[in-house]
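To start, the structure under review is shown below, and the notes come after it.
The values are calculated or read from the model by the stated rules, or taken from the named source; none is laboratory data. Source: prediction; values computed, not measured. Here the Cβ positions follow ideal geometry from the backbone for every residue, glycine too, while neighbour counts run over all protein chains shown. Side chains included, ligands, DNA and RNA excluded: accessible areas come from the protein's heavy atoms. Shrake-Rupley method; radii C 1.70, N 1.55, O 1.52, S 1.80 Å.
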Amino acid sequence: MSKITLIGTMHKEIGKCNEAALYNIFEAINPDVIFEETTPYTAMLIYKFGIEPQFPEQKAIQKYIAHHRTENIPIDTLERPQRS
């Protein structure tokens, strides 16, 4: 049977909710796949072209998948609205 671990994060570092702590969780559970709340376009910019991530979870995922064979799947289909 497959095991699913759901990790909730904030889009900013608050106390123990930070890039290093999330990276350590990834190391401990060694996921086969990560479903990430980001758009396919943003994922491409970060993970394929190496654009600096904005959020702690993106930074932790970028660091983790650079050293592990883990599939990262973006699951957000809505682009963020442009500021005027």
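Accessible surface computed residue by residue for the chain, with neighbouring protein chains in place and a 1.4 Å probe, gives 79 Å² per residue. The long axis of helix 19-29 is offset from the longest Cα principal axis of the chain by roughly 40 degrees.
By accessible area, using a 1.4 Å probe on protein heavy atoms only, the chain has 55% of its surface on carbon and sulfur. Estimated at 0.36 nm per residue, the fully extended path between Cys17 and Ser2 surpasses their Cα-Cα distance by 2.8 nm. Cross-link partners for Lys3 among the aspartates and glutamates, with Cα-Cα distance under 13 Å and sequence neighbours closer than 8 places in the same chain left out: Asp32. Under the simplified labelling scheme, the Thr70-Phe35 pair shows an inter-label distance of 1.6 nm, with each label point 7 Å from Cα along Cα→Cβ.
Compared with the dominant principal axis of the Cα atoms in the chain, helix 56-65 is inclined by about 60°. Amide H of Glu36 versus every other amide H placed in the peptide plane: which residues, excluding those fewer than 5 positions away on the same chain, fall under 5 Å? Correct list: Ile73, Ile75.
Mean projected area of the Cα convex hull of the chain, taken over all directions, amounts to 6.5 nm².
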